[in-house]
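Participant: Questions regarding the structure given below will be posed in turn.
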Amino acid sequence: MRWKVVTLSGVVAILFAAALFVGNNGNKESAKQEAGTIKQRVQDFSTRKATAASASITSTQLIVTGEDSKEAAYDLPEDEFFLSIAPYVESTHPCAIHSLTGCQGEMTDKEFIVTINDADGNVVLDKAAMKSQSNGFIDLWLPRDQTYRITVEHEGKTAESEISTYKQDNTCLTTMQLG
């Protein structure tokens, strides 16, 4: 029987690789667990029930930076696209990637009539009393990889826009001026 001599640096390398493997498997499992609650996490940040140094949402991920400056990314559902819209009358801000902890719209806690039709004219959403949150935004989850026509009405004023839910699309819509 032959024995190999393992040096201290060899043992350290083996232990480091094992720790890295176990650590990465734990992170993957954690990400899987988070996928089931991702919509609730987004809702909690939007309504200010959850806090963080920052939380933003791209077309594919929720990205949260904690108070400790550590960043975590959570994958969004594969079949749904998040879009946050802030209808306005007088003032808005440019936005592409929605900041759940920073974006502030003009019309807070207001009721809107929101209608969304797909490219074939089919009604996807038709709500007569959809209320904006305290941040002035209305959060929507729509089917991915589609083009839609959205109409927002408030007190006799209307705004219309074409939106799409592809991977490269924005998650923040602040250009719907009611008139």
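Values quoted throughout were computed directly from the atomic coordinates according to the rules given, and no laboratory measurement underlies them. A quick note: this is a predicted structure, and the numbers were derived from the prediction, not measured. We place every Cβ from the backbone using ideal geometry, glycine too, and count neighbours over all the protein chains shown.
Participant: Run the numbers for Glu67 and Ile97: contour at 0.36 nm per residue of separation, minus the present Cα-Cα distance, in nm. Each step should come with its number before you reach the end.
Facilitator: Details: separation 30, 0.36 × 30 = 10.80 nm, distance 2.06 nm.
Stretched out fully, the Glu67 to Ile97 stretch lengthens by 8.7 nm.
Participant: Assuming R0 = 30 Å, can you tell me the calculated FRET efficiency for the pair Thr37 and Lys167, based on Cβ-Cβ distance, to the nearest 0.05?
Facilitator: The pair Thr37/Lys167 has a calculated efficiency of 0.85.
Participant: From zero up to wherever the largest Cα-Cα distance of segment 55-179 sits, split into 5 Å bins and tell me the percent of pairs in each.
Facilitator: Histogram of Cα-Cα distances, whole percents per bin: 2, 11, 21, 23, 20, 14, 6, 3, 1, 0.
Participant: Can you tell me the length gained on complete extension of the stretch Asp75 to Arg48, counting 0.36 nm per residue apart and subtracting the Cα distance?
Facilitator: Gain in length upon complete extension: 7.7 nm.
Participant: While we're looking at this one, here's another question. Which parts of segment 67-97 would a label at Trp141 reach, counting a residue when its backbone N lies under 18 Å from a point 7 Å out along Cα-to-Cβ?
Facilitator: Of the residues in segment 67-97, 74-85 have backbone N under 18 Å from the label point off Trp141.
Participant: In whole Å, largest first, what are the principal axis extents of the Cα atoms in segment 108-154?
Facilitator: Computed over the Cα atoms, the extents are 32, 18, 11 Å.
Participant: Can you quote the Å³ per residue value for the convex hull of the Cα atoms in segment 40-87, rounded to an integer?
Facilitator: Per-residue hull volume (Cα only) is 80 Å³.
Participant: Using a Förster distance of 35 Å, how high is the FRET efficiency between Arg149 and Thr108, based on the Cβ-Cβ distance and rounded to 0.05?
Facilitator: With a Förster radius of 35 Å, E is 0.85.
Participant: Determine the alpha carbon to alpha carbon distance for each of Lys49/Lys131; Lys39/Lys157; Lys70/Lys131; Lys49/Lys157; Lys131/Lys157 and list only those over 26 Å. Write out the running numbers ahead of the final one.
Facilitator: Working: Lys49/Lys131 17 Å; Lys39/Lys157 30 Å; Lys70/Lys131 33 Å; Lys49/Lys157 31 Å; Lys131/Lys157 16 Å.
As for pairs spanning more than 26 Å Cα to Cα, those are Lys39/Lys157; Lys70/Lys131; Lys49/Lys157.
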